[in-house]
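Below you'll find the structure, written out as structure tokens, and then a few comments.
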Amino acid sequence: MIEINNLTKRYYSLTALDRVTLRIPRGEVLGLLGPNGAGKTTLLKLIAGLIHQDAGYIRPMTPDWPLIGLKPERLLFPNHLRVHQYLALIAGVSNIPKRDTPRVVMESLRQVGLQDAADKPIRNCSKGMRQRLGLAQALIGDPPLILLDEPSNGLDPEGQDDINQIVQQLHAAGKTIVMSSHQLPEVTKVCTHIVVLNRGRVHFERSMEEALAVQAHTAIRSDKDLEPLRAQLCSLHPEIEVEGELLVLRNEAMQLRRQVMTMLLYANYDIVEVRQARATLAEVYAKAVN
Ligand code: ATP
């Protein structure tokens, strides 16, 4: 949907983004990970057109720019307004015709599960409601591209789950989403692509499927089909997989490798190869940011 090429942004002498090249594919949820100051907010602001780059370009892969919704990192609301009044204000500045405003406001509240709070003064809203309100204002006008800067920042695990579910629903509805986060588990749960930024540079970029393939695992190859032992092996741990002559133990199941190999030998199987992949996504992240 969007192509980013050699994008560089400087704030005085500080290079916040350094020749970033990325693609944001249509319909994907791209997770931007990285430590404080990595350049995540700068990248989102550049995509949203709030600031301008010093070099490189961002361009749509379609003839026209898509409409973009942004949930900024810091949410500053007019506390004296009620939830629906604030969203009506946002609809006004988003050129939504006045006659459509009540419908558009209710639709965005419904998408984030805040329809019962439409009349609530913002000053009485909890942190979780404020984050959802931040999401609701990004959804006004039904933009196909949604930028979320730390959407679940400061929320308890339940609040984080609520936001994750909303992101998953938006993805299922066909939206393209770019979200920044500090949390690997959150990104792993909801994102289909992952980009790790550090000091303004891209250190890791993969589809989530590829990124998860670097999970720690032990692969044991035997001399014949393991199907007759499948039930017995898989009952040992949920993270044991059997495919033909190959047995894969992931994460904690790796601790069972001696037991599993003993079982194979007792069952008259030979072990042809044992391969150990040590890198986990967490390790890849740690390496990228150090
Ligand atoms: P965080 O996770 O803390 O939100 P981030 O990855 O979003 O960080 P940015 O906010 O994009 O990082 O900041 C990247 C770098 O640019 C940081 O060193 C920051 O201090 C600097 N920076 C950001 N905005 C400005 C600005 N308006 N003026 C000067 N420096 C800035």
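Read-outs: derived from the displayed coordinates by stated rules, not from any lab. Small disclaimer: the values here were computed from a predicted structure and weren't measured. Reconstructed Cβ throughout: ideal geometry from the backbone, glycine too, with neighbour counts over all protein chains shown.
Treating each Cα of region 2-212 as one equal point scatterer and applying the Debye formula with no solvent, the log10 of I(q)/I(0) at q = 0.10, 0.11, 0.13, 0.16 Å⁻¹ comes out as -0.42, -0.52, -0.72, -1.07.
In plain terms, the chain from residue 192 to residue 127 could stretch by 20.7 nm, reckoned as 0.36 nm per residue minus the Cα-Cα distance. Within the listed set 180, 94, 207, the Gaussian network model of the chain (springs between alpha-carbon atoms below 10 Å) gives the highest mean-square fluctuation for 94. Taking the number of Cβ atoms within 10 Å of each Cβ as an exposure proxy, the fewest-first ranking of 234, 125 is 234, 125.
Using only the C-alpha atoms, the convex hull of region 77-156 corresponds to 92 Å³ per residue. Subtracting the Cα-Cα distance of residue 77 and residue 62 from their residue separation scaled by 0.36 nm leaves 2.0 nm. Legend: ranking of residues 179, 261 from fewest to most surrounding C-beta atoms inside 10 Å; resulting order 261, 179. Backbone amide hydrogens, once placed in the peptide plane, bring residue 22 within less than 5 Å of 4, 5, 6, excluding anything fewer than 5 places away on its chain. Annotation: extensible slack from residue 142 through residue 19 equals 41.2 nm (criterion: 0.36 nm per residue apart, minus Cα-Cα distance).
The C-alpha atoms of the chain define a longest principal axis, and helix 127-139 lies at about 80 degrees to it. Report, in listed order, any pair from 40/127; 71/127; 45/175; 71/287 with a Cα-Cα distance greater than 26 Å. Beyond 26 Å between Cα atoms: 71/287. Rounded to the nearest 10 degrees, the inclination of helix 101-111 to the longest alpha-carbon principal axis of the chain is 20 degrees. The ranking of 112, 289, 83 from fewest to most other beta carbons within 10 Å of each one's beta carbon is 289, 112, 83. Site pair residue 168 and residue 267 shows an inter-label distance of 3.3 nm when each label is modelled 7 Å from Cα along Cα→Cβ.
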